[in-house]
Amino acid sequence: MPELMHLGSAGGVPVEGAHIDGLPLPLLVYRGALDAPDPERARAAAEGKARVCGWQLAWTNTAGIAAERHCHTTTHEAVFVLHGKATVRYGAAGDTSAELWAGDVVFHPAGTFHQGAGDEDGIVTAGAYPVAAAPWDWHTTGLTPDEWARIRSLEEPPHPITGGLITEIVQTSTTTPRRTSS
């Protein structure tokens, strides 16, 4: 079972991550990347950070994390947690989980299945996609060979926190990985 591991930091923000389902890029969770006292200010901070880093906010959800297991094959996704907390299950089998709190930002590489675990506590999220990305899609079943090929052909997106490359956080990590959640 993949486990979230401490990978280092990006712009002073602690980062945890895991390789899920053989995807080319890791799932990444940036702990406390947003520092805003309420959902409205957090959304403004998320929008500003996303814009500077080459991402664009596309939606805000005040109804919790989607309960339906799904993934996106046409683009990568960044989810900004604006308020509250929740547990999210990741992977085709739902065998990796992360507790998310207000201020966290999650990078879902294309093809990352995710769903809420049903324990939301006032969670408000905003989703962002790379500015140059294709419109996002929604898949709830296994992926076809063509969808896997599309995922593997996507360009590496800019880092949603620093604007650099996603792979830099994994390659430059100097910390010993440790288990943080499962």
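Each reported figure results from applying straightforward, stated rules to the coordinates on display, with no laboratory input. Here the structure is a predicted model, which means the values were calculated and not measured. We place every Cβ from the backbone using ideal geometry, glycine too, and count neighbours over all the protein chains shown.
Here are some notes:
- Taking a sphere under 10 Å around the Cβ of Thr162 and counting the other residues whose Cβ falls inside, with K and R at +1 and D and E at -1, yields a net charge of 0.
- Along the chain, longest interval not containing exposed GluC sites (Glu not before Pro), exposed being DSSP loop plus at most 14 other Cβ atoms within 10 Å: 69-154
- Here's the picture: a label point sits 7 Å out from the Cα of Asp38 along the beta-carbon direction, and within the stretch 79-110 nothing has its amide nitrogen under 13 Å of it.
- Dividing the Cα radius of gyration of the stretch 4-172 by its Kirkwood radius returns 0.92 for Rg/Rh.
- Normalised contact order of the stretch 4-172, rounded percent, pairs of Cα under 8 Å and 6 or more residues apart: 29
- Multiplying the residue separation of Ala117 and Leu165 by 0.36 nm and subtracting their alpha-carbon distance yields 14.3 nm.
- Each Lys or Arg adds one and each Asp or Glu subtracts one; over the other residues with Cβ under 15 Å from the Cβ of Ala86, this totals -2.
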